[in-house]
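First up is the structure itself, then whatever we jot down about it.
Bear in mind these aren't lab numbers, they're just calculated from the coordinates by the rules spelled out. Bear in mind that the values here come from a model prediction, so they are computed numbers and not experimental data. With ideal geometry, Cβ positions are generated from the backbone for all residues, glycine too; neighbour counts draw on all protein chains shown.
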Amino acid sequence: MSEISVREALRDAMAEEMRLDKNVFLMGEEVAQYQGAYKVSQGLLEEFGERRVVDTPITESGFTGIGVGASMGGLKPIVEFMTFNFAMQAIDHIINSAAKTLYMSGGLIPIPIVFRGPNGPASRVGAQHSQCFASWYAHVPGLKVVSPWSAQDAKGLLKASIRDPNPVVFLENELLYGEVFEIPETEEDIIPIGKGNIVRAGCDITVTAFSAMVPKAIQAADMVAHEGISVEIIDLRTIKPLDSDIILDSVKKTNRLLTLEEGWQSSGIGAEIAAIVVSSAFDYLDAPIERITGVDVPMPYAANLENIALPQVNTIAESICRLCHKRI
Amino acid sequence: MPQKKNKKLQPIQKQLLPADISEETLHTFYREMLLIRRFEEKAGQLYGMGKIGGFCHLYIGQEAVITGVQSSLSDGDSVITGYRCHGHMLSAGASPKEVMAELTGKVAGVSQGKGGSMHMFVRGKFYGGHGIVGAQVPLGTGLAFANKYNGNDRVTVTFFGDGAANQGQVFEAFNMAALWKLPVIYVIENNQYAMGTALSRSTAIEELYRRGAAFGIDGQRVDGMDVLEVKRVTEAAVSKCRLGEGPILLELMTYRYRGHSMSDPAKYRSKEEVHKVRDERDPIENLKKLIVDSGYKTEEDLKKEDKSIRSMISEAAEFAQMSPEPDPSALTTDIYMDDRWVDRKNV
């Protein structure tokens, strides 16, 4: 075992894939000389040079389109967004140019490309810099959407995303970059896209989470363990294609479901999971499905308001107890 | 950059051929442009009959642009454009049958009926066929980026219209293309109207060839109704690009005779205006005159040829109507490279 941060895991994933495949390159704002706005690309310029680690101007629509075009031309770009909030400028190319071209061309023109960068609320950065885009991209046929929590998953899933022959939206989280995880030293560290992970096994209730919500789910599970509630936590890891089997198998065992996400509730990931469970495991449910999400408001700046706009451990624990008919 | 005055556009003069243009080349151009025109006329008919659905943007009047440009390219060079792409497909060597079958939404279409009039591709040569106005400009710049990355001497020609020229991402692409010296030639097909909006009503400075000046991109205005002029200028631009002197901007002055799409009656301009261009500047008629005057072919020869092209197009139309629709199972293929990913539960 060795210790590694999520930031290093992402960098290692890119470096290893760039060593393996000369067509893989990284482009984005501040990725080269500055070593990444969040230092995720630390050391890559030094190893691979400016041909393969490309600083772009601040021009999301333009460089995303260039990335997709380079992919059409046979390369495998990794396009870094300084945050996914800025990818709104480029979402036309992600959806109309990247996601749809294989279909529109009758299978003739594949677009292997990774769009990656921090997603979701950070801390005290206000409404335009705090938003989860998971459900936006998960809505789109032709895209795969990945959002890891641990360093091992970040590395294994980013490697899988770079090797994937389709466009992949890879949603990271700024607040997780510095988190350190133990990572086993195995030869094959690819983690397949489309597979969830049972982070903690339990028998009373299923909690689904992804990215920064996973540690909150673990903390809440620790709290309710004192009440004798055994929580099964599923880290979705991939949002599209969603691993519905792992969710359904778990719910059939626990008979209860709570979904967690930082994104807004309306038409969110929780809504999708609830619909899947209701249509395929309705008879197994012993309680209504609950969703804990970000509140449907633009993110406020004030610390107290930001706090209540986001899912908190206490709220999660309360919800678990309510669903399991226990008082906390 | 050269501040060329707006050159007065004249029909091709009865003159001696340039030394490097053979009579055979003229003849090839004639056939290629006529093929596009007859194809588009037929597509218009089929649209009127309800055999083609949705949007259908015809290229009639603009044939010299793609014909002249394509003749300057070599194997490995690539082309990309917007939704007015039938002519570009034919010029890239796609068969009229398969292009027409795409328009009718049939399985034999170049995109198996899944793309339609606006989304067609020839792998390794023509990269679409894009429906979001201006989006093809960064995409084409990205194709050029890939060529530069690979260290080859291939060139990408990125076409867009006078309407797309006002999209912000065009300038974003210009900036990066100039910054990274990418081997891309931007060709603005200036047909004077962005859908129904005349250039003067949409564009502060109408000399679009100057649009690259802020980025140090040389621009040139060219008579896009004169296939020989298009060829001459494009060949020079391609040579420069191959030597690493790209990007380059060309504004090709052209005109579409039909509406923006089949549903546009084009009431924003007078019939006289259209007739005047047709009578004086038509790229095919003017070339025909030149061929006949040169004595290489008689009017009768060319008529015969027109007839054979018309019959080829009729066959294509017949094929496009007779070909079966895609199998319903095609609905959920080609979404991912590995179709195991496709969720068929809600199909």
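Brief remarks follow.
- Ranking of B:His88, A:His139, B:His119, A:His129 by count of other Cβ atoms within 10 Å, fewest first: A:His139, A:His129, B:His119, B:His88
- Protection proxy ranking, peptides B:95-104, B:327-336, B:174-183, average beta carbon neighbours within 10 Å, highest first: B:95-104, B:174-183, B:327-336
- Counts of other chain beta carbons within 10 angstrom of each beta carbon in peptide B:142-154 average 6.
- Per-residue mean of foreign Cβ neighbours for A:108-119 is 2 (Cβ atoms of other chains, 10 Å radius).
- By DSSP, the beta bridges lying fully in chain A are antiparallel in about 20 percent of cases.
- Take each residue of peptide A:89-99, count the partner chain Cβ atoms within 10 Å of its Cβ, and average: the result is 3.
- Each Lys and Arg Cβ is given +1 and each Asp and Glu Cβ -1; about its Cα centre, chain B then shows a dipole of about 560 debye.
- Normalising the average separation of contacting C-alpha pairs (under 8 angstrom, six or more residues apart) by the number of residues puts the relative contact order of chain A at 16 percent.
- Distances between placed amide hydrogens fall under 5 Å for A:Leu257 paired with A:Thr206, A:Glu290, all partners being 5 or more residues away or on another chain.
- Around the amide H of A:Arg116, modelled in the peptide plane, lie the amide H atoms of A:Val79, A:Glu80, A:Phe81, A:Phe170, all under 5 Å away and 5 or more residues distant in sequence or on another chain.
- DSSP bridge analysis restricted to the range A:2-183 gives an antiparallel fraction near 15%, rounded to the nearest 5.
- By other beta-carbon atoms within 10 Å, ranking B:Glu229, B:Glu325, B:Glu189, B:Glu32 with the fewest at the front produces B:Glu325, B:Glu229, B:Glu32, B:Glu189.
- Highest-first arrangement of A:22-32, A:113-123, A:42-52, where packing means the average Cβ count within 10 Å: A:113-123, A:22-32, A:42-52
- Peptides A:264-274, A:200-210 ordered by average Cβ neighbours within 10 Å, highest first: A:200-210, A:264-274
- Across chain B, Cα pairs under 8 Å and at least six residues apart give a relative contact order of 24 percent.
- Anchor B:Lys97: lysines whose Cα lies under 23 Å away (excluding residues fewer than 8 positions away in-chain): B:Lys42, B:Lys51, B:Lys106, B:Lys114, B:Lys125, B:Lys303, B:Lys304, B:Lys307
- Dipole magnitude for the range A:197-323: about 80 debye, using +1 per Lys or Arg Cβ and -1 per Asp or Glu Cβ, origin at the Cα centre.
- Rounded to 10°, Cα long-axis angle of helix A:313-323 versus longest principal axis of chain A: 50 degrees
- In nm, spacing of pseudo-spin labels at A:Lys253 and B:Lys289 (7 Å Cα→C-beta vector): 8.4 nm
- Taking B:Phe160, B:Phe171 and counting other C-beta atoms within 10 Å, the order from fewest to most: B:Phe171, B:Phe160
- Chain A: calculated mean residue ellipticity at 222 nm from DSSP helix runs of at least 4, using -39500 (n - 2.57): -10500 deg cm²/dmol
- Using a Förster distance of 51 Å, the FRET efficiency for B:Met49-A:Ser266 (Cβ separation, nearest 0.05): 0.70
- Crossing angle, helix A:269-281 versus chain A [Cα axis fit, 0-90 degrees, rounded to tens]: 60 degrees
- For the protein assembly as shown, share of DSSP beta bridges that run antiparallel, in % to the nearest 5: 20 percent
- The spacing between the range B:226-290 and the range B:22-79, judged by their C-alpha centroids, is 12 Å.
- Of all lysines in the structure, those lying under 27 Å Cα to Cα from A:Lys253, and not within fewer than 8 positions of it along the same chain, are A:Lys195, A:Lys216, A:Lys240, A:Lys326, B:Lys345.
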